[in-house]
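Written out below as structure tokens is the structure these notes cover.
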Amino acid sequence: MNTDEFKKVNTKNSTRLPVDLSDPQIEEFGRELDAIREEVIDSRGAKDRKYILTVIKTQRILGLLGRIMIYASILLLPAWSHDLASSTNFWILISLGTLSLATAKILENMEIGHNILHGQWDWMKDPDIQSSSWEWNHVCPSDQWIQSHNIKHHTWTNVIGKDPDIGYGLLRVSSRQKWRPFYLLQPLYAFLLAVLFEWGIAIQELELGKMFKRKSHAEKIRPLLQRTGTKMMKQITKDYILWPLLAVVMTLPFTFSGVGPSLFVVFFSVLIANVLANIFRNMWTYLIIFCGHFPKDVYHFTRAQVENETRAKWYVRQMLGSCNIRGGKLFHIMSGNLSHQIEHHLFPDIPSNRYPALAPRVRALAERYKIPYNSASLTRQFGTTLWKIFRYSFP
Amino acid sequence: MSDKKHSPSSTKSKSSFLAKFSAFTDKFAYPLRASHYVELLNPLWAGHALKAKVVKVWDETKDARTLTLKPGFNWRNYRAGQHIRIGVALDGVQYTRTYTISSPPERNDGLFTITVKAIADGRISHHLVRKIKVGSFLAIGLPQGDFYLPDSRPVKPLFITAGSGITPAMSMLESMLAKDRMRDTVHIHYAPHEFDAIFGERLKKIASEHSLYDLNQVFTHEYGEHKQTKGYFHAEQLEKLCPDWRERETYACGPQPLIEAMEKHYTLENMTRYLHIERFSAQLAVIPKEAVGGTVSFSKSGIDALADASTALLRVAEDAGMNPPHGCRMGICHSCSTTLLSGCVRDLRTGKLINDVGSKVQTCVCAAAGDCELDL
Ligand code: FES
């Protein structure tokens, strides 16, 4: 169904979902999905546990290796006069270290943190891997993120005015959002959001915009602000103060005795490596997440359409409002299996490692009921997303 | 005087220095702890979670096995008779069970043992007895419990144990031996038969070497039988095997029927003050046959409410005037999850019953199935 057709079926006043199914048919569709869900829930077992433990372990090793390589690269700075010291060797090692650290951060946010916080692994009853106690490596405190993500976004997916993730309160990504001159510069905001994505998410939660409208809001968010602030400080301290400073402390004796590199260079090498690792992580997560609900042909809904919504209709809305990205196994893992956004939105608490096997079943089911299933290459999904951001910056 | 004052404070400052140091290193690993990375090298070095490594397994009888465990850094020593919680992952799910330590605290190689009997339908005990291999790691808790001999009073113990209930008595006996302070002890131990008695040989050896230790083994099965046919605990038997039982402190550990029989007898004789019991009741509630409601106890708020079998527990709580955390009210966000403390609930989506204590319950999609207790 292309956009024009969609407009025909789904006029602004319609309270129906844009599918050609009667209510009993939608309920039957829902029952089929419920059955699939139950089947997977029942089959969770030792293999799944092994999977998540392996990912967690790999993530920690990559993180540690990254830090070690970044530190080791300091020893290769040309200022040292041993044989291996050269700027080429330094650059190679510090780049590898940065990439390894960025990969660890991506894995932690996507396949580990995001999914644990969805309660996907709560069934294991492993006290270390519970949605209620997991703190993720992100400037937004876990429990606050659960509020805006699990509760608001997953319940109200793509409902204009209800889903905080439509444009993240910053961008206009649907013709149904009213145009304001503010949006003219939105390609620029979109780029800045990509670079600073984790900060964007943390700040979005505070709904700062409301502060200008209502004074009471400022009072309400003070405790939130404090907790977010504390978490931000801890993340900043770790990446931008402690790690660079420790490197300086370790080179200090050598530099003072005249054989080491400049402390300034040491500090900034480590600092910039950490900054870049965080930016890579931000841009990657932005890329994947924007492809989840913004590409072409994705549907948005009005409040009227979700009134008295049944579970089955909620399923239909999730299917229409989410997009998958095609790719290989490693790509799926690195995207936290959010490349299977449709399956994730239908079954947010099913372990993510099960989505790949679920995808063909859901797709076939969608085809039988003639419900659109939006799955395409990364280029298509991100390309059309960028186009939308550009297009909707104008009225 | 000043010396005395000095020494505790110096150890205190030492430990607080360590605590400060570890708090400082944790800042580098935030939001994890440094110990999460140390764990990669050796799980026993982790400071955030206590683990134990299985270093030896040994069959005591056809269905009981002793596991020798090497605990991690944070382990603390125990008193003979205490127990620990052990977490075992089975089909991906971590279950927690309690087992008494069967070795004496005087053991000086830093290891300890637990002795597990595979009980009928007991998936966890079966797993521990048959599947756990040397080299694997188990999550453990710190030693707990008040089932131990008092140091301050010279009590004369009477052990009444059955089957794997021998474990605390074994630890106490070995401990007395290790300290070279065998007390005047009578032991009545119930076991299926001579060759199916956990620690049978060891007990006999101790009895032959120490006149203060009076061992009475009661065999309860004929060879080849699966059901107990003889040797039940009764008043005359106690009178006969231990005529001075009223002058002793009784330490009892064994299956529920034995404990019940003993409690009855001791109550009758007005001797319950001298009866110490270690019981491991099963953590599973009975599953009601039909969909029935029950009383829901919200333990944190101290509120009890009646619930039927189809109303979501979240509603029940709200109707009782509480405001528990929740979000989507449709089972997707998990913000309403709480812990099942006892009893049984039903997942309204699937009809499945949840009765394992410690399970997470999504109150928005679960209803009472009989009485239950929630951590709300
Ligand atoms: S309120 Fe969302 S899962 Fe229960």
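Each value in this text was obtained by applying a stated rule to the coordinates, not by laboratory testing. Being a predicted model, the structure only gives us computed values, none of them experimental. Quick reminder, even Gly has a Cβ in these numbers, built from the backbone with ideal geometry, and neighbours come from all protein chains shown.
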Counting sequence-distant residues (5 or more places) and residues on other chains, those with an amide H built under 5 Å from that of B:Ser342 are B:Glu373
Over chain B, calculate the relative contact order: mean separation of alpha carbon pairs under 8 Å at least 6 apart, over the residue count, as a percent. 11 percent
To the nearest 10 degrees, how steeply does helix A:263-293 sit against the main Cα axis of chain A, on a 0 to 90 scale? 10 degrees
Starting from the Cα-Cα distance between B:Arg123 and B:Glu106, subtract it from 0.36 nm times their residue separation and give me the gain in nm to one decimal. 2.9 nm
Derived scalar couplings ³J(HN,Hα) [segment A:332-344; Karplus, 6.51 cos²θ - 1.76 cosθ + 1.60; whole Hz; x for Gly, Pro]: 5, 5, 5, 8, x, 6, 6, 5, 9, 4, 4, 4, 4
Cα-centred dipole magnitude for chain B, charges only on beta-carbon of K, R (+1) and D, E (-1), debye, nearest 20: 1540 debye
The protein assembly as shown: calculated mean residue ellipticity at 222 nm from DSSP helix runs of at least 4, using -39500 (n - 2.57): -13000 deg cm²/dmol
Interchain or long-range residues, amide H under 5 Å from B:Val218's placed H: B:His189, B:Tyr190, B:Ala191
Lys and Arg at +1, Asp and Glu at -1: neighbours of B:Ile198 with Cβ under 15 Å from its Cβ sum to -1
Compare A:Gly45, A:Gly292, A:Gly383 in a GNM of chain A, Cα atoms joined below 10 Å, and give the one with the largest fluctuation. A:Gly45
Nearest 0.05, what FRET efficiency do B:Gln228 and A:Glu32 give at R0 = 45 Å with Cβ-Cβ as r? 0.30
Under the 7 Å Cα-to-Cβ spin-label approximation, A:Thr58 and A:Thr310 lie apart by a distance in nanometres of 4.1 nm
Taking every alpha carbon pair in chain A, what does the distance histogram look like in 10 angstrom bins from 0, in percent? 5, 20, 29, 24, 14, 6, 2, 1, 0
Using alpha carbon positions and the Kirkwood radius, the Rg to Rh ratio of the protein assembly as shown is 1.04
Name the residues whose placed amide hydrogens come within less than 5 Å of the amide hydrogen of B:Tyr95, ignoring near sequence neighbours (fewer than 5 apart) on the same chain. B:Val88, B:Ala89, B:Leu90
Inter-chain Cβ neighbour average for residues B:205-215, partner chain, 10 Å: 0
How much FRET efficiency would the formula 1/(1 + (r/R0)^6) give for A:Leu386 and B:Met322, where r is the Cβ-Cβ distance and R0 is 45 Å, rounded to 0.05? 0.40
Which value, in debye to the nearest 20, describes the size of the charge dipole of segment B:157-279 about its Cα centre when Lys and Arg Cβ atoms bear +1, Asp and Glu Cβ atoms bear -1, and nothing else is charged? 200 debye
Proportion of all alpha-carbon pairs of segment B:8-140 beyond 24 Å (%): 39 percent
Net charge near A:Gly119, counting Lys/Arg +1 and Asp/Glu -1 over other residues with Cβ under 9 Å of its Cβ? -1
How far is it, in nm, from the label point at B:Lys300 to the one at A:Arg326 when both lie 7 Å from their Cα along the line to the Cβ? 4.8 nm
The alpha-carbon center of segment B:96-136 and that of segment A:259-299 are separated, in whole Å, by 48 Å
The protein assembly as shown - charge dipole about Cα centre, Lys and Arg +1 at Cβ, Asp and Glu -1, debye rounded to 20: 2740 debye
Residue-ordered couplings for segment A:359-374, obtained by feeding phi - 60° into the Karplus form 6.51 cos²θ - 1.76 cosθ + 1.60 and rounding to whole Hz (Gly and Pro as x), are 3, x, 5, 5, 5, 5, 4, 4, 5, 4, 8, 6, 9, x, 10, 8
Defining a contact as two alpha carbons under 8 Å apart and six or more residues distant in sequence, what relative contact order in percent does chain A show? 24 percent
Restricting things to alpha carbons, tell me how big segment B:157-279 is in terms of Rg and Dmax, in Å. 13.9, 40
Distance in nm between label sites at B:Lys205 and B:Leu142, each 7 Å beyond Cα in the beta-carbon direction? 3.4 nm
q = 0.11, 0.15 Å⁻¹, segment A:27-165: log10 I(q)/I(0) [Debye, one scatterer per Cα]: -0.61, -0.89
Taking the number of other C-beta atoms within 10 Å as the exposure measure, put A:Glu343, B:Glu318 in order starting with the fewest. B:Glu318, A:Glu343
Quick one: Kirkwood hydrodynamic radius for chain B, alpha-carbon pairs, angstrom, one decimal? 23.9 Å
Between B:Asn77 and A:Leu96, Cβ-based FRET efficiency (R0 41 Å, step 0.05) works out to 0.35
Using alpha carbon centroids, what distance separates segment B:169-240 and segment A:326-394, in Å? 66 Å
Rg/Rh for segment B:294-374 to two decimals, with Rh computed the Kirkwood way over all alpha-carbon pairs. 0.91
³J(HN,Hα), Karplus 6.51/-1.76/1.60, whole Hz, each residue of segment A:320-325, x for Gly, Pro: 6, x, 10, 10, 9, 10
In nm², the average projected area of the convex hull spanned by the Cα atoms of segment A:224-336 is 12.2 nm²
